[in-house]
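Trainee: Have a look at this one before I ask anything.
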Amino acid sequence: MPCSVTETPPAAEASRLARLQRTRRVLQIGFFALFLLAPALDLLRFDLHEAQLWFLGQRWSLGIDAFRAGEISANQVAMNILLRAIVPGVLFVAAFLTVAYRWGRLYCGWLCPHFSLVELLNRLLARASGKLSLWDRERVPGPPARSVYWALYGGTALLFGFVWSITLLTYLLPPAEIWGRLLSASLTPNQARFLFIAWAVFALELLLARHLFCRFGCAVGFFQSLAWMANPKALVVSFARPRATECRGCEPGPDSCENACPMRLRPRNIKRLMFSCVQCGQCLSACEHSHAQRGQDPNLVWTVGVDALRETLKQRKAGD
């Protein structure tokens, strides 16, 4: 997990950041697999046929059917709703926002399946066109663009748009039924309509608006950002402004922090302009690598706690 970085030797810092990125990739892949397999394993899904929630392989019931059948009392139903729905929900949300309050959008940068695709499609589009978004006007430094990557870019978006539409449907209906009907080409009209509409929406979003969705359309990310912004001691990317002139030598290079940011942010900006930062650390790795080429310490580091508070106060002073 990200932590404060202070006066670490460049070689050790590079090694630490490389390990963090490897750990992040493993977590992303693992959570992506969990997202796809959860319905089939009954880890989490809601069966519309039975109006039944499945959680960790068990039927999750509030006892309403038993109450209707006269098997339990109204008081027992009320306790079930409190202990099996309200309390777990409140605890989950509180824990989630507590993590965000301290460390920011860790879920987005370290687990979220959508953000994993954002990073993958960014890399493919960069190889196809030299840009990280279809809406960018300028190319980023890097290898020469190759047209073959356009097919990979479009094919990947279409493939995962289809996979996501199928997966979403299996969260609502039995996975065996959906996959069986799909393979035998016997989907019901409603299932087929849902599948193709969801496929079109997901594919277009991945092709055209994946950054915009992460920054402005995702409620999960938005509330994490709100919690993070409320804490002046939260984990933040700190920029050594007195050494800003050193950035001139690396900005045109392929490892500049702005080109490395999957969210298309400017990591050297103040915190309130980094509202959508997902704490992926790629800007730190790019900065460290670029400065190491010249034997210098990086200008970007993670800070948390008192160091982050000092950074916040410096930013406020600079803005006054």
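Trainee: So if I take the centroid of the Cα atoms in the stretch 73-117 and the same for the stretch 218-234, what is the distance between those two points in Å?
Mentor: Comparing the Cα centres of the stretch 73-117 and the stretch 218-234, I get a distance of 15 Å.
Trainee: One-quarter of the Cα convex hull surface for the stretch 177-216, in nm²? Mind dumping the intermediate values first?
Mentor: On the way: hull surface 14.1 nm².
Over every viewing direction, the Cα hull of the stretch 177-216 projects on average to 3.5 nm².
Trainee: Looking at the stretch 130-215, which GluC sites (Glu not before Pro) are DSSP coil and have at most 15 other C-beta atoms within 10 Å of their C-beta? Walk me through the intermediate numbers first.
Mentor: Working: sites: E138, E177, E205; in loops: E138.
Listed in order of number, the matching sites are E138.
Trainee: By its C-alpha gyration tensor, with a ≥ b ≥ c as the square roots of the eigenvalues, how is the chain shaped: rounded for a/c under 1.5, else prolate for a/b larger than b/c, else oblate? Each step should come with its number before you reach the end.
Mentor: Values: a/c = 2.75, a/b = 1.50, b/c = 1.83.
Oblate, because a/c is 1.5 or more while a/b does not exceed b/c.
Trainee: Out of the stretch 106-158, which chymotrypsin sites (Phe, Trp or Tyr not before Pro) are coil in DSSP terms and have no more than 15 other C-beta atoms within 10 Å? Don't jump to the answer; show the numbers that get you there.
Mentor: Values: sites: Y107, W110, F115, W135, Y149, W150, Y153; in loops: W135.
Answer by residue number: W135.
Trainee: State whether the stretch 202-314 is rounded, prolate or oblate according to the following rule on the C-alpha gyration tensor (a ≥ b ≥ c being the square roots of its eigenvalues): a/c under 1.5 gives rounded; otherwise a/b larger than b/c gives prolate, and the remaining case gives oblate.
Mentor: Details: a/c = 2.69, a/b = 1.24, b/c = 2.16.
Verdict is oblate for the stretch 202-314.
Trainee: Calculate, for the chain, the solvent-accessible area per residue in square angstrom, rolling a 1.4 angstrom probe over the heavy atoms of the protein chains. Kindly include the intermediate steps, with their values, before the conclusion.
Mentor: On the way: 17330 Å² over 320 residues.
Per-residue value: 54 Å².
Trainee: Using a 1.4 Å probe and counting only protein heavy atoms, arrange I178, I29, I86 so the residue with the most accessible area comes first.
Mentor: Details: I178 0, I29 120, I86 90 Å².
So, going from the largest accessible area down, we get I29, I86, I178.
The values are calculated or read from the model by the stated rules, or taken from the named source; none is laboratory data. Predicted model only: the values in this text are computed from it and were never measured. Virtual Cβ from ideal backbone geometry, glycine too; neighbours counted across all protein chains shown. These accessible areas exclude ligands, DNA and RNA; they are computed on the full protein's heavy atoms, side chains included. Shrake-Rupley method; radii C 1.70, N 1.55, O 1.52, S 1.80 Å.
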